[in-house]
Amino acid sequence: MAEATFLDEAIEEVIDAVSYYELVAEPGTAQRLFLEAKASVQRILESPRRYPVEQNGFRRWRLENFPYSWRYEVDDTGDVRFVAFVHAKRRPGYFKRRAR
């Protein structure tokens, strides 16, 4: 299985999303978001090249039950670098300038 690394910004985005849901959503919703985000990382690592590269140069995995997606890239060895945890309706494309 591929190895994963995460940009600090991507980790912060997950923490921010979970924290937001803890404040505004029903009990348990934040935990479900975190678990789905974590499970999606595992699925990406099982087959990281499954999704095509988008115009912005990153691959995308959309969560099924929340309006978030992972943006990631795969290196020549198949290892995955997660660069952003993106809300579907907020600040589109802000992460494009993150270092490669």
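Read-outs throughout are calculated quantities, based only on the coordinates presented, and are distinct from any laboratory measurement. It should be emphasised that the depicted structure is a prediction, and the values quoted were computed from it without experimental measurement. Methodologically, a virtual Cβ is constructed for each residue, glycine included, from the backbone with ideal geometry; neighbour enumeration extends over all protein chains shown.
Roughly what angle does helix 29-46 make with the longest principal axis of the chain, taking Cα atoms, 0 to 90 degrees, to the nearest 10?
Helix 29-46 sits roughly 10 degrees off the main axis of the chain.
Among 22-28, 7-13, what's the highest-first ranking by average C-beta atoms within 10 angstrom per residue?
Ranking, from highest mean packing down: 7-13, 22-28.
Roughly what % antiparallel, to the nearest 5, for the DSSP beta bridges in the chain?
Expressed as a percentage, antiparallel bridges in the chain total about 80.
Ranked highest first by average number of other Cβ atoms within 10 Å, how do 80-87, 65-72 line up?
The packing order, highest mean first, is 80-87, 65-72.
Report the local net charge at residue 78: Lys and Arg +1, Asp and Glu -1, summed over other residues whose C-beta lies under 10 Å from its C-beta.
-3
Lys and Arg at +1, Asp and Glu at -1: add these up for the other residues within a Cβ distance under 9 Å of residue 54 and post the number.
+3
Can you work out the Karplus-derived ³J(HN,Hα) for every residue in segment 59-72? Use 6.51 cos²θ - 1.76 cosθ + 1.60 with θ = phi - 60°, whole Hz, and x for glycine or proline.
Working through the residues one at a time gives 9, 10, 10, 8, 5, 7, 10, 9, x, 10, 8, 8, 10, 8 Hz.
For segment 4-93, what are the per-bin percents of Cα-Cα distances with bins 10 Å wide, up to the bin holding the maximum?
16, 52, 26, 5, 0
In degrees, nearest 10, range 0 to 90: what is the angle between the Cα axis of helix 8-24 and the longest Cα principal axis of the chain?
Once rounded, the angle reads 20 degrees.
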